[in-house]
1. At 1.4 Å probe radius, can you tell me the per residue accessible area of the chain in Å²?
2. Where does the charge balance sit around P290 when Lys and Arg score +1, Asp and Glu -1, over other residues with C-beta under 11 Å from its C-beta?
3. For R102, what charge total do you get from the other residues with a beta carbon under 10 Å from its beta carbon, if Lys and Arg give +1 and Asp and Glu give -1?
4. Run the Debye formula on the Cα coordinates of the stretch 134-223, all scatterers equal and no solvent, and tell me log10 I(q)/I(0) at q = 0.11, 0.13 1/Å.
5. On a full-extension model of 0.36 nm per residue, what is the gain between R205 and M116, subtracting their alpha-carbon distance, rounded to one decimal in nm?
6. Nearest 20 debye, what's the magnitude of the dipole of the chain about its Cα centre given +1 on Lys and Arg Cβ and -1 on Asp and Glu Cβ?
7. Starting from the Cα-Cα distance between R321 and A36, subtract it from 0.36 nm times their residue separation and give me the gain in nm to one decimal.
8. Need the C-alpha centroid separation for the stretch 299-337 versus the stretch 183-227, integer Å.
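The values are calculated or read from the model by the stated rules, or taken from the named source; none is laboratory data. Here the structure is a predicted model, which means the values were calculated and not measured. In this analysis, Cβ positions are derived from the backbone assuming ideal geometry, glycine residues included, and neighbour counts consider all displayed protein chains. Note: areas computed on protein heavy atoms with side chains; ligands, DNA, RNA excluded. Shrake-Rupley method; radii C 1.70, N 1.55, O 1.52, S 1.80 Å.
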Amino acid sequence: MPTREKGVRRQRKVVSEHQFRGLLESAPDGVVIVDAAGLIQIVNRQTEVLFGYPRAELLGQPVEVLVPERLRERHVSHRARYQADPQTRPLGTGVELFGLRRDGSEFPVEISLSPMARDHCETLIISNIRDITARKLADARLREVAADLARSNAELEHFAYVASHDLQEPLRMVASFTQLLARRYRGRLDEDADEFIGFAVDGARRMQELINDLLTYSRAGTQALQLTTVDIGQLVDRVVSDLAPAIAEAGASVTRDTLPGVTGDATQLRQVFQNLIANGIKFHGPNETPRVHISQRQAHGAWTFSVTDNGIGIEPQYQERIFALFQRLHTRADYPGTGIGLAICKKIVERHRGQLCVESEPGRGTTFRFTLPVGLDEKEAL
Ligand code: ADP
């Protein structure tokens, strides 16, 4: 090789070595380079910080000084295996890795390895070492919070169930005796007494309604889903025939597209369509003929079902609130109900890993839309 060319090469090598050192020193991770015998050849500044060693003490040492004693044997065999087939990859996927500081303390690490050819016969191994103490702590905290939330959620659900279930019996007693009072003593006391008894009868009946609904809501969240293939077309037809009296009374028409079979809990899905269609029939203006249409489309691995009506609609500011328990926008005199139907629908759809939402224009009508995954799996359902 001519002398000039050799000089340029050497210069390039010096520049690139210089750049390499610069990169190494500014790397946010510890970088340790070992030779084929596992002896440390190069370390960067961050390695000194992570492990608490001055660089000079590490150079020439077996890399295992940075590994806790109990894991050294495993490390040596890992290293031998890596030498036999060196490729860039993370070390020990699925295994917990630890670094050992000079003071004997340990810290969790994530390591990725890459080979670097030194000359024709030797490959160096570059390890990138990241201290993941903060991430581990954050993960553990997150898991704790999730477990706490799940526990308190289960407690709340249990509480709602027990409360509504155990209140039923005494309430039944109050309701039947106030009704008895009303029957026996109407017209035999004074007018005030008749009115007061009337309020008591009405209050007890309402409370029974609310408690029954609460129980239905609680069951919708806790009963195990019985997943089968449900023919939604047939299911909707049955719902429509159950609602025949309400449909006839309102002079409503209910139509549907061809609807698919989906995986889900038949009883629960029926509750969803029942509530949405019943609402579509119920919430219409005084001189309107309710029209409800059920349609579907499939996209991105999910079915979307829509229940559209031409009713009174919902103001945008209330479109979130209506899904909460017992939230209603009208008096019972205007539209009967307890305000639990949509909360039940939401719970059921979410247990099926879907989402329920509303689109509405006041005075023009409302569409409730919900998704159900195509081919829901037992393991996925909540
Ligand atoms: P309920 O029907 O017993 O009132 P829901 O939970 O089913 O309870 O509905 C909550 C509220 O949402 C209703 O009281 C009503 O104000 C509003 N809403 C639900 N469906 C419709 C609809 N199709 N059109 C207009 N408003 C609706």
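1. 60
2. Details: positive: K282, R291; negative: E249, E288, D309.
Around P290, the surrounding residues sum to -1.
3. For residues surrounding R102, the net value is -2.
4. -0.52, -0.61
5. Details: separation 89, 0.36 × 89 = 32.04 nm, distance 8.05 nm.
The R205-M116 span can extend by a further 24.0 nm.
6. With only Lys, Arg, Asp and Glu charged at Cβ, the dipole is about 1360 debye.
7. 96.0 nm
8. 24
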